[in-house]
Structure formats: structure tokens, C-alpha cells
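Asks: Supplied in C-alpha cells, the structure appears directly below.
The values are calculated or read from the model by the stated rules, or taken from the named source; none is laboratory data. Keep in mind it's a predicted model, so treat the numbers as computed, not measured. Every residue, glycine as well, gets a Cβ built from its backbone with ideal geometry; the counts of neighbours run over all protein chains shown. When the accessible area is computed, the model is the full protein with side chains, heavy atoms only, and any ligands, DNA or RNA have been set aside. Shrake-Rupley method; radii C 1.70, N 1.55, O 1.52, S 1.80 Å.
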Amino acid sequence: MEYITLVTQLSVDRIGKRLHDMAKEWQGAISIAVYVKSPEDIEFVEKVMVQDPLLASHADVHLLIQDYPTDELVRVRRNGTVVQEPVKKEPPYPINALRNLAILGAEKRRHDGWIFVLDADAKPSANMVESIRQLSAALAYGDGSPNNTAFVHKTAFVVPAFARARR
């Protein structure tokens, strides 16, 4: 089967053990987009990547640097009078841009494989890579001619996600 790259995105405050656990379960290529807001955030990401051998060997990290806060005029009441004042407003979390950046990173790494998009809060099954490889091989060669690659290239795997309610 072709190569499978896990793709995820997150902010700096969620990096560390979460990514280590993901890399430990996945045991394959990972493309990570991280939302950073400061030079200290970039240093922290570098530190985590260097100190974790699993991440250093399996993960590519792509940084999306936060836009500057914008001034937004808000109405406030001062001494009985309504006036407009500029207030710094943080840009919204760029989830689509981060996901697309991680996908682009995966495509640059291996343009001939599969991409598995996974939320950073999720944890892949320990045997997921092997299960997908076996299923892909069965689809490609189990039913029909091994030359029938059109079927495989039009195949998507639906991976159910389950979460446990917090107690």
C-alpha cells in the first residue's frame, strides 16, 4: 500500500505529551501544523521536537504565525455619553488554514500516498496503520484484477470516532 501520513493541527498550548502519545500510537509519518503567537512559542515547539525522539523521527512541523491583533471600534458609555474606542481584537483560531498547511506538508513529503486527517484531541488506534494497509491490499487485489487501480484510487476509508463522556 501507499504511504499514510497522519495530519493534525493544534496550538502551542496543546503540544507536548499529546503529540508524543499520537506519535507513539501511529508509528508513522505525521504532518503537524502549529499555531504560534510569539518567538517564545517557536522556541518551545523546537524544544519539544528536539527532546522527543519519536516526534523528531516521524513528524514534520509547519508553523502558522498569528496575525497581529486588529483594532476594532466598540461602543462604550463614558459619563452618560456613548463613544467609540479602538480595542485590540485577537484574530479567530485559523483551523482551516492550519489543516490545509498540514495537508500541504504531507503532500510535499510524499505526494503518492494517503492522508489521514485527525483532530489533535484524538488518539489513533495502535494498529490503525496496519489495518488500513491490509484493507487497502484486499480492495486492490482481493476482488478483481490487480491492474484495476481505479477502484483503489476512488476509495475513502471512514474511520469512526468515539469519545468517552467526562465524569
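Asks: May I ask you to give the percent of accessible area on segment 77-140 that is carbon plus sulfur, with a probe radius of 1.4 Å?
Replies: Carbon and sulfur together cover 53 percent of it.
Asks: Once label points are set 7 Å from the Cα along Cα→Cβ at both residue 74 and residue 110, what is their separation, rounded to one decimal in nm?
Replies: Going by the 7 Å Cα→Cβ label model, 4.8 nm.
Asks: Another question, if that's okay. Averaged per residue, what accessible area in Å² does segment 1-140 show with a 1.4 Å probe, protein chains only?
Replies: 61 Å²
Asks: Shifting gears a bit: Run the reach check for residue 37 against aspartates and glutamates, Cα to Cα strictly under 20 Å, same-chain hits fewer than 8 apart removed. What comes back?
Replies: 13, 46, 60, 67, 71, 72, 90
Asks: Then there is this: For segment 39-141, give the magnitude of the charge dipole about the Cα centre (Cβ charges: +1 Lys/Arg, -1 Asp/Glu; no others), in debye to the nearest 20.
Replies: Once rounded to the nearest 20, the dipole reads 340 debye.
Asks: Per residue of segment 39-56, what does 6.51 cos²θ - 1.76 cosθ + 1.60 with θ = phi - 60° give for ³J(HN,Hα)? Whole Hz please, x for Gly and Pro, Karplus curve as stated.
Replies: x, 5, 4, 5, 4, 5, 4, 4, 4, 4, 5, 6, 7, 10, x, 5, 5, 4
Asks: Quick check on packing: order 76-87, 114-125 by the mean number of other C-beta atoms within 10 Å, highest mean leading.
Replies: Result, highest mean Cβ count within 10 Å first: 114-125, 76-87.
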